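Notes follow the structure.
The values are calculated or read from the model by the stated rules, or taken from the named source; none is laboratory data. These numbers were taken from a predicted model, which means no experiment stands behind them. Here the Cβ positions follow ideal geometry from the backbone for every residue, glycine too, while neighbour counts run over all protein chains shown.
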């Protein structure tokens, strides 16, 4: 399974640069992290504009992960007191406007549809979407 983000060519990988992250301040690509000391960001990640990452309890984003615009990743929740690290494994893709709650792991190469709510782990190599997100089917090799 390739860790290269879907839709990105080799030239994009060659131009990729690690972002400068200052807590609570939008990056030059207009996404923001609170508690950046809790964020581990792999190479060749692509995070869409207006996404929000709260890494107070830890967020690990492995190589080649894509996160669509307007996504929210919460490693802590002030509403129900949940707390736990989020782990996005290599090459997974999270559709725009999706929300990931504390303690969730998304498996390598998994594709999550837009507007999904992830409140439990998803295995590697599947298509999942919905509120809450559920596995729809395994991805075919050419879709990975």
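Worth a mention:
- Checked across segment 93-100, the condition of being over 15 Å from residue 122 (Cα atoms) and surrounded by fewer than 21 Cβ atoms within 10 Å (Cβ to Cβ) holds for at least one residue.
- Options 57, 90, 124, 114: the member that is in a loop (DSSP other than H, G, I, E, B) and farther than 28 Å from residue 21 by Cα: 124
- Within segment 71-84, the set of residues being crowded, with 17+ Cβ neighbours inside 10 Å and either at pLDDT below 95 or part of a loop (DSSP other than H, G, I, E, B) (or both) comprises 71, 75.
- One residue stands out in segment 32-54 among those that are within 12 Å of the chain's Cα centre (by Cα) and outside any strand (DSSP E or B): the one that is surrounded by the most Cβ atoms within 10 Å (Cβ to Cβ), namely 51.
- Residue in segment 41-53 that is modelled with pLDDT of 95 or more and in contact with a helix residue (DSSP H, G or I) (Cβ under 9 Å, 6 or more places away or on another chain) present: yes
- The number of residues in segment 103-138 that are buried (at least 17 other Cβ atoms within 10 Å of the Cβ) and either at pLDDT below 95 or more than 21 Å from residue 48 (Cβ to Cβ) (or both) comes to 4.
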